[in-house]
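See below for the structure under consideration.
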Amino acid sequence: MKKLVSYLLQGILYIVPLAITIYILVVAFRFIDGLLQQWLEKYLDISIPGLGLMIIIFLLVLIGFLGQTFIARPFKLLFNKLLEKVPLLRVLFSAFNDLFSAFVGKERKFNRPVIVRVNMTSNLEKLGFLTEEDLSLIDEKEKVAVYFPHSYNFSGELFIVPREQVRIIDVPPADVMKFIVSAGVADWD
């Protein structure tokens, strides 16, 4: 019974914001469309069905634009000033920002899945992603950087491994990530 009540409350939490948003949009549409139709019919003797909907869409776009420019910009400036004053915060933010952009950004880094032999005796291999081939920064010319995500977790480890132990595989990166994160129980698409 406790589980049912928990599911009920969770369902309410999911649906209430959506229902309120839809209700507000419908009320706004009826109000704006009603005022406009009365005005247009009275003064111009025309009727444009759906004009209220077009005006609501325009207003939502305008609010989104104002939110991003006039409201969000001061917060971005404040956050950047804070990053300048706290070097440790800047390093952490930069690292997390780079990690998230590696997953979903324009320059996705986890796009080259590989299999790496990690134990020569037992031929044990791990799935990972080749993230960097040029390791001259750390004076390693015969090695590459491979990221190994953890199963059932959103963390992982970066290994520097000999190039000859890395084999690039022709599998979509999203499928490999899903397979690793699910500990191998996810279906291949």
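The table below lists the values:
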read-out: 10 Å Cβ shell holding at most 13 others, DSSP loop, chymotrypsin sites (Phe, Trp or Tyr not before Pro): longest site-free stretch of the chain; value: 1-151
read-out: Residue-averaged 222 nm ellipticity for the chain, from DSSP H runs of 4+ at -39500 (n - 2.57), nearest 500; value: -17000 deg cm²/dmol
read-out: For LEU130, LEU60, order by how many other beta-carbon atoms lie within 10 Å, fewest first; value: LEU60, LEU130
read-out: Proximal lysine pairs, the chain, alpha carbons under 27 Å, eight or more residues apart or interchain; value: 15
read-out: Theoretical FRET efficiency, 1/(1+(r/R0)^6), r = Cβ-Cβ of THR121 and ALA174, R0 30 Å, to 0.05; value: 0.40
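We did not get these values from a lab; they are worked out from the coordinates using the rules stated. What you see is a predicted model, and the numbers here were worked out from it, not measured in a lab. For neighbour counting, all protein chains shown are included, and Cβ atoms are generated from backbone atoms with ideal geometry for every residue, glycine included.
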